[in-house]
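All remarks here apply to the structure that follows.
The values are calculated or read from the model by the stated rules, or taken from the named source; none is laboratory data. As the structure is a computational prediction, the values presented were derived from the model and not from experiment. FYI the Cβ positions are ideal-geometry reconstructions off the backbone, even for glycines, and counts take in every protein chain you see. For the accessible areas, the whole protein counts, side chains as well, though only heavy atoms, and no ligand, DNA or RNA atoms are used. Shrake-Rupley method; radii C 1.70, N 1.55, O 1.52, S 1.80 Å.
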Amino acid sequence: MPRPRHHPNGRQAAEKLVRTAPLVSRWIERVLAAHDPPLTVAQYLALQAIADGKVVGAELARRAAVSPAAMSQLLTALEDAGMLTRDRLEDDRRRQPLSLTDHGTGTLRSAQTALRERLAGLLVDMPRAETDALARLLERLEASLGGTPPPPRPPRRPKRP
């Protein structure tokens, strides 16, 4: 298989992303954990995906970056916390449309505000032109990542006796 061609600066940008993304992830995890109520990143992403519109099953799991089995448990936890409802369709019992409750909508908005404020504080010393450029580039990166499934997980290694 031929190697993909990369822009000469693409490797440098990828290296910077590899160094920066885990640090940003750690900030996001900690801000969400300190939120009231506390949320995991997967719960936050699921609430966001549900708020964005009709998304179900594997697509919701992909957008929340979890397996379909984990998504089922995650949805149960959010439902038990009163943040979402699962409707039952008479003609298709396998499909359960999801919607946020008022509590779920408020929790999502509050978490979005907390994240935006804490992360914006990290950018306060950057010139406006650079933060504007960063916002545009991250929007393009999000669109690119959103349309591309992540690489498959490697197979699990058998446990040694």
Point to revise | Restricting the range 116-145 to residues that are surrounded by 10 or more Cβ atoms within 10 Å (Cβ to Cβ) and of a type in the set (Asp, Glu), the residue that is nearest to the chain's Cα centre (by Cα) | key: 142
Check your understanding: Taking the condition among the aliphatic types (A, V, I, L, M) and within 21 Å of residue 25 (Cα to Cα), does residue 56 pass?
Key -> no
Exercise for review: Considering (1) touching a residue at least 24 places away in the same chain (Cβ under 8 Å); (2) not in a loop (DSSP other than H, G, I, E, B), say which one residue 130 fails and leave the rest.
Suggested key: (1)
Review point. If you check residue 73 against the conditions, is it more than 24 Å from residue 148 (Cα to Cα), at pLDDT below 95, in a helix (DSSP H, G or I) and open to solvent by 30 Å² or more (accessible area, probe 1.4 Å)?
Key: yes
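Among the residues in the range 102-113, are any over 19 Å from residue 51 (Cα atoms) and free of Cβ contacts under 8 Å to residues at least 12 places away in the same chain?
Step one: of the range 102-113, the residues over 19 Å from residue 51 (Cα atoms) are none.
Looking for residues that are over 19 Å from residue 51 (Cα atoms) and free of Cβ contacts under 8 Å to residues at least 12 places away in the same chain, one finds none in the range 102-113, hence no.
Determine, yes or no, whether residue 148 is assigned to a loop (DSSP other than H, G, I, E, B), within 26 Å of residue 63 (Cα to Cα) and open to solvent by less than 100 Å² (accessible area, probe 1.4 Å).
Values: assigned to a loop (DSSP other than H, G, I, E, B): yes; within 26 Å of residue 63 (Cα to Cα): yes; open to solvent by less than 100 Å² (accessible area, probe 1.4 Å): yes.
Here the answer is yes, as residue 148 does meet what is asked.
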Check your understanding: Which residue, of 153, 116, 157, is part of a helix (DSSP H, G or I) and basic (Lys, Arg)?
Key -> 116
Check your understanding: Could you give every pair whose Cβ atoms fall below 8 Å, whose first residue belongs to the range 21-44 and is outside any helix (DSSP H, G or I), and whose second residue is surrounded by fewer than 12 Cβ atoms within 10 Å (Cβ to Cβ) and of a type outside the set (Asp, Glu), counting only separations of at least 6 or pairs across chains?
Key -> 39/33; 40/33
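Out of 52, 87, 80, I need the residue that is modelled with pLDDT of 95 or more and open to solvent by 40 Å² or more (accessible area, probe 1.4 Å). Which one? Break it down into steps so the answer makes sense when it comes.
On the way: 52 fails: modelled with pLDDT of 95 or more; 87 fails: modelled with pLDDT of 95 or more.
So the residue among 52, 87, 80 that is modelled with pLDDT of 95 or more and open to solvent by 40 Å² or more (accessible area, probe 1.4 Å) is 80.
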